[in-house]
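The values are calculated or read from the model by the stated rules, or taken from the named source; none is laboratory data. All figures in this text were calculated on a predicted structure; none of them were measured in a lab. In this analysis, Cβ positions are derived from the backbone assuming ideal geometry, glycine residues included, and neighbour counts consider all displayed protein chains. Side chains included, ligands, DNA and RNA excluded: accessible areas come from the protein's heavy atoms. Shrake-Rupley method; radii C 1.70, N 1.55, O 1.52, S 1.80 Å.
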Amino acid sequence: MINVRGLAALAITPLLQGKGSLNYTLQGALNRCEEKDRALVQQLCYGVCRNYPKLEAISHHLLDKPMRQADKDVYALLLVGLYQLLEMRIPAHAAISETVEACHQIDKSRASGLLNAILRRFAREKDDVLHSLQDLPEIVFNHPDWFIQKLRHNWPENWETILKENNCQAPMTLRVNLSKVSRETYLDFLRAVDIEGHPSTITDSGIVLEHPVDVYLLPHFQEGFVSVQDEAAQLSGYLLKTQPSERVLDACAAPGGKLCHLFEINSEIQLDAIEIEASRAVRIQENLERLQVTANLVIADASESNWWDGELYDKILVDAPCSATGVIRRNPDIKLLRKGEDIHALATIQWNILSNLWPMLKPGGTLLYATCSIFSQENERLIERFLKAHNDAQHQVIDASWGMERKYGRQMFPQQNGHDGFYYALLTKA
């Protein structure tokens, strides 16, 4: 059986190749290890991703030349080893020997000598290596250089705080189904099973837990009393202000959290949901079934119209595909997977979706645009372009205490022990 370090490296390797996501690759690794080892596999994978810019800079310093593309699995093992020596309390000799042993288990025995030498050198010279690299942005801020430079340009007064918060662990936040139970009552349910939490400060439905727990330990989770959702994401349901009998569209609906919240707020709406990926639509259906509600779920591309029946919508939620740079705390593999050139490509997709859905909105109707991005190219600048190109589109100011008011919409940054980075803009049709 492949040891824990080997399993972690096999989960990280596809990410180094620009494939998949940690949520997917980690699950494969967890399925192959014993129950007692799962927490360590998860810690190694998340730790390497969260510290990837720093670990990459260290590895480049220690290696004479970059490893071949065919040896990304060996490089993943090197990162796993460096992470243990840098951030964990595992004795150096144990971390090194177990990591080197994994070379033999993944059929890369020829690399064991190199890996052993590099890890032993770092264990001996760690302080000197870190001192020599101390001025590198990747070491100081633990983010890719392109990300740091773009963030400084976008938010010259906030960029350092954002980077700091990105490196922290996000809290586990719940959304209470207020159609079934009050938040106060659900807090009592939590106290009864020794789970500590406090009310969200920005939504009536949110509870922030002091410590994360398995969802199946949450009282009445299976009965749909509560869901896991960041408090910033919960705002969409309140901002859309649906009314009974309104026809509502949730575009790009996976995994279904915002969709289900719309039903919890108003069960009498007529709700259509579209999602481009059939595999992600499975999650939507699971959430709908758990909450015992039904939506017209269609596998379709929101930038195309071949799925539409021609009947106009009163409200449209566009939770657009984006860089996810506001949720790095929860998805640290973004530090590996996202590239600077991706932002322009994503903005093009967002534009195409908005332009396609706008004709489907009734005059007097409302469209809520949302991303979990902190880059203005995907947010306020995109909305400004859209308003200039559509004379019948009007920007509605969001009057709120949360986030930062912009010329168009409101921008939220990740907060310690609080919400993720998010952007919202409200548009109405003349």
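The Cβ shell under 14 Å around residue 354 holds other residues with a net charge of -3, Lys and Arg each +1, Asp and Glu each -1. Label sites at residue 298 and residue 221, each approximated as a point 7 angstrom past Cα along Cα to Cβ, lie 3.4 nm apart. Here residue 362 is the anchor, and the lysines within straight C-alpha reach of less than 16 Å, apart from those fewer than 8 places off in the same chain, are 241, 315, 429.
Multiplying the residue separation of residue 32 and residue 267 by 0.36 nm and removing their Cα-Cα distance gives an extension gain of 80.4 nm. Between residue 282 and residue 196, the FRET efficiency estimated from the beta carbon spacing at R0 = 30 angstrom works out to 0.40. Given R0 = 51 Å, the distance between the Cβ atoms of residue 430 and residue 153 translates into a calculated FRET efficiency of 0.90. Extension gain, residue 135 to residue 180: 0.36 nm times the residue separation minus the Cα-Cα distance gives 10.8 nm.
Computed from label points 7 Å out along Cα-Cβ, the spacing between residue 341 and residue 65 is 2.5 nm. Taking the protein heavy atoms of the stretch 45-98 in the context of the full set of protein chains, the accessible area attributed to carbon and sulfur is 47 percent at 1.4 Å.
Summing Cβ point charges (Lys, Arg +1; Asp, Glu -1) relative to the Cα centre of the stretch 288-338 gives a dipole of roughly 580 debye. Axis of helix 4-16 versus longest Cα principal axis of the chain: the two differ by about 60°, to the nearest ten degrees. Do the alpha carbons of any pairs in 150/388; 19/72; 180/258; 126/339; 335/407 sit beyond 22 Å of each other, and which pairs? From 150/388; 19/72; 180/258; 126/339; 335/407, over 22 Å: 150/388; 126/339; 335/407. The modelled label-to-label distance between residue 401 and residue 43, using points 7 Å beyond Cα along the C-beta direction, is 3.9 nm. For the stretch 142-193, the residue among 146, 176, 163 whose Cα projects farthest onto the positive side of the dipole built from Cβ charges is 176.
Think of the chain as a dipole: +1 on every Lys or Arg Cβ, -1 on every Asp or Glu Cβ, centred on the Cα centre; then among 122, 229, 266, 122 lies furthest on the positive end.
Per residue, the chain exposes 45 Å² of solvent-accessible protein surface, assessed with a 1.4 angstrom probe and all protein chains in place.
Positive end of the dipole of the chain (Cβ unit charges, origin at the Cα centre): among 364, 298, 81, the Cα lying farthest that way belongs to 81. Contact order for the stretch 376-419, expressed relative to its length and based on alpha carbon pairs under 8 Å spaced 6+ residues apart, stands at 29 percent. Okay, which of the stretch 386-430 sit inside 11 Å, backbone N to the point 7 Å along the Cα-Cβ direction of residue 204? Inside the label zone: nothing. If one takes the longest principal axis of the Cα atoms in the chain, at what angle in degrees, from 0 to 90 and to the nearest 10, does the Cα axis of helix 145-154 lie? With rounding to tens, the tilt is 30 degrees. Full extension of the chain between residue 121 and residue 24 gives 31.6 nm of extra length, using 0.36 nm per residue less the Cα-Cα distance. In the chain, the longest principal axis of the Cα atoms and the axis of helix 278-291 are about 60 degrees apart. Calculated mean residue ellipticity, 222 nm, the chain: -14000 deg cm²/dmol, from DSSP H runs (n ≥ 4) at -39500 (n - 2.57) each, averaged per residue and rounded to 500. Of 67, 412, 1, the residue with the largest accessible area leads and the full order is 1, 67, 412 (1.4 Å probe).
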